[in-house]
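This report refers to the structure that appears directly beneath it.
The values are calculated or read from the model by the stated rules, or taken from the named source; none is laboratory data. Treat the numbers as computed from the prediction; the structure is a model and nothing was measured. Note: ideal-geometry Cβ built from the backbone for every residue, glycine included; neighbour counts use all protein chains shown. Accessible surface is based on the protein model in full, side chains and every heavy atom, while ligands, DNA and RNA are left aside. Shrake-Rupley method; radii C 1.70, N 1.55, O 1.52, S 1.80 Å.
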Amino acid sequence: MMKKGKYVLIFIIFFVIAYLFSNRITPRIENIASKEINQFIQILINHTSFTQKIDTHKLYKKENNSISFQMNYINDIASNYIHNLEETLLKLEEGTFQQKDNSPYSKKLLKINQQKGIVAYIPVGSLTNNIFLQDRGPSFSIKYKTLSLTSSNINKKIKNYGINHLAISIDLNITIILQVLVPLYHEHFKENYTIPLVYEVIEGEVPSWYQN
């Protein structure tokens with residue numbers, strides 16, 4: 001009977017220690033995972049922007065003293081951009097991504113592809129506040145799982161630039177939701193990003209009004 005009680009006591013002590021350890025370590029894991037995932041998304045966005053082909057002459061139409069945006073073409077650009085982002089996310093997760101250029105972004109994504117969605121390996125020592133243990137101990141992986149990627153809206157702006165020029169900018173706002181898979185931490189990563197699709201300065205008479 002005493003032996004059974006001893007095992008129960010040991011189990012309770014182990015459970016309390018594990019609970020306290022989890023509560024102390026989880027916020028640090030969450031912070032590191034969020035940082036690594038965000039860096040990964042930035043690389044992914046830069047890669048997609050680098051490979052995106054845009055015909056700036058189809059973005060707007062200038063007639064007399066007015067400029068009108070060609071929304072059909074702009075919506076196609078936004079749809080293609082979102083499709084490429086989501087497709088790349090899924091391919092990296094499956095390990096089927098193929099390098100199509102020699103950009104630094106593509107090379108980094110290829111490494112993640114070989115790891116099938118593992119964004120980074122983090123030494124356990126980095127969870128401590130001791131600088132001597134930052135690179136020590138076994139490593140745990142930070143992996144993602146694609147949940148959704150939706151477009152929020154498209155921002156279009158025309159501003160006077162100098163005396164006789166106009167600056168045209170088109171930005172795409174998107175929300176990316178991923179599931180972060182880390183030991184002791186399985187949560188959703190949700191972040192909004194503003195992606196500049198086009199910024200162009202054109203020469204001509206400054207219009208008194210413009211039509212969206």
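Give me the residue from the stretch 61-78 that is open to solvent by 20 Å² or more (accessible area, probe 1.4 Å) and either touching a residue at least 40 places away in the same chain (Cβ under 8 Å) or in contact with a helix residue (DSSP H, G or I) (Cβ under 8 Å, 6 or more places away or on another chain) (or both) and, out of that set, nearest to residue 112 (Cα to Cα).
As a first pass, look at the stretch 61-78 and keep what is open to solvent by 20 Å² or more (accessible area, probe 1.4 Å): 61-66, 68, 70-73, 75-76.
Restricting the remaining residues to those that are either touching a residue at least 40 places away in the same chain (Cβ under 8 Å) or in contact with a helix residue (DSSP H, G or I) (Cβ under 8 Å, 6 or more places away or on another chain) (or both) gives 62, 65-66, 68, 70, 73, 75.
On the way: 62: 44, 65: 50, 66: 47, 68: 42, 70: 37, 73: 33, 75: 30 Å.
Checked the stretch 61-78; the qualifying residue nearest to residue 112 (Cα to Cα) is 75.
From the set of residues in the stretch 137-154 that are without any contact (Cβ under 8 Å) to a residue 24 or more places away in the chain and surrounded by 11 or more Cβ atoms within 10 Å (Cβ to Cβ), which is farthest from residue 197 (Cα to Cα)? It comes out as 137.
Residues are listed down the side, and each one gets a yes or a no for (1) more than 18 Å from residue 143 (Cα to Cα); (2) part of a helix (DSSP H, G or I):
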{"position": "49", "(1), (2)": "yes, yes"}
{"position": "61", "(1), (2)": "yes, no"}
{"position": "75", "(1), (2)": "yes, yes"}
{"position": "78", "(1), (2)": "yes, yes"}
{"position": "87", "(1), (2)": "no, yes"}
{"position": "93", "(1), (2)": "no, yes"}
{"position": "98", "(1), (2)": "yes, no"}
{"position": "110", "(1), (2)": "no, yes"}
{"position": "113", "(1), (2)": "no, yes"}
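Of the residues in the stretch 86-98, at least one is of a type in the set (S, T, N, Q), under 22 Å from residue 149 (Cβ atoms) and open to solvent by 20 Å² or more (accessible area, probe 1.4 Å).
Within the stretch 97-120, residues that are in contact (Cβ under 8 Å) with a residue 60 or more places away in the chain have Cβ atoms under 9 Å from residues that are surrounded by 13 or more Cβ atoms within 10 Å (Cβ to Cβ) and of a type in the set (D, E, K, R) in these pairs: 119/36; 119/143; 120/36, counting only partners at least 6 apart in sequence or on another chain.
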